[in-house]
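Okay, so here's the structure we're looking at.
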Amino acid sequence: MIILSTSYLPPIMYMAALAQHDSALIEQKETFPKQTFRNRTIIATGNGLQTLSVPVVRTQGNHTRTDEIAIAYQEPWQIRHWRAIVSAYSAAPFFLYYRDYLEHALMQHYNRLIDLNDAVLKVLMKRLKINCNIEYSSDFLGSEQFEGNNTLLSLTDKHAQTIASLPPYCQVFDNRLGFQSNLSILDLLFNLGPEAHNYLTNLPIK
């Protein structure tokens, strides 16, 4: 089993961890940290990298647990995110094949961030043919639960995109930006399609 945090349209390395394990426990009782991939993702656009962030509400102030984090809908963030994704990946070879699945999941109304992330993750896992069993923590995970498990919470910290050096694959704007490593899993899915599964299962997971 691996232990992960929740993630919004997760980085490639996060999905590789799921692809290479039979089961995963997602920590949802932690105090929600700022500036991580729990509520944001990075895509490559014609103008460079773009961060898409889900606006959240800390229902219990600074001590709000991840499973208590609500989503704010004062601004049409879903429409903005989807427009950015279409602009970035409409020219990708497998965008048309997967777009409807992702658009449907992203445009639903979710009260909590954990529910949004779970729904999107299930769609991604199905399309990537990942058969990892996902469970969610019922209590805060102390160090005793980490023993004997691979704890990969760092895959969603704010440095995860820059520290991972992945094998290059063709990207929509690589002639302009060069290869960009460990972007949102959308980048891999839309560019590699069915080959994305093999790419994930062959990545070294630290």
Summed over the other residues with a beta carbon less than 15 angstrom from that of MET125, with K and R at +1 and D and E at -1, the charge totals +1
For VAL57, the residues 5 or more places away or on another chain with a placed amide H closer than 5 Å to its own amide H are ALA70, ILE71, ALA72
Restricted to the chain, the DSSP antiparallel beta bridge percent, nearest 5, is 50 percent
For 124-131, 16-23, ranked highest to lowest by mean beta-carbon neighbours within 10 Å, the order is 16-23, 124-131
With all protein chains present, the chain has a carbon and sulfur share of its accessible area (1.4 Å probe) in percent of 48 percent
Protection proxy (average C-beta count within 10 Å per residue), highest first, orders 49-58, 180-189, 25-34 as 180-189, 25-34, 49-58
Which residues qualify? For TYR136, with a placed amide H closer than 5 Å and at least 5 residues away or on another chain, they are ILE26
Note to self, the chain gives a 222 nm [θ] from helices alone (DSSP H runs n ≥ 4, -39500 (n - 2.57) apiece, / all residues, nearest 500) of -10000 deg cm²/dmol
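Averaged over all directions, how much area does the convex hull of the C-alpha atoms of the range 1-151 cover when projected, in nm²?
The orientation-averaged projected area of the Cα hull of the range 1-151 comes to 9.4 nm².
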The chain: relative contact order from alpha carbon pairs under 8 Å, six or more residues apart, as a whole percent, is 36 percent
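Taking the solvent-accessible surface of protein heavy atoms with a 1.4 Å probe, what is the per residue accessible area of the chain in Å²?
Values: 9950 Å² over 206 residues.
Per-residue value: 48 Å².
The values are calculated or read from the model by the stated rules, or taken from the named source; none is laboratory data. Source: prediction; values computed, not measured. Note that each Cβ is placed from the backbone with ideal geometry, even for glycine, and that neighbours are counted across all protein chains shown. Calculation scope for accessible area: heavy atoms of the full protein, side chains included, ligands and nucleic acids excluded. Shrake-Rupley method; radii C 1.70, N 1.55, O 1.52, S 1.80 Å.
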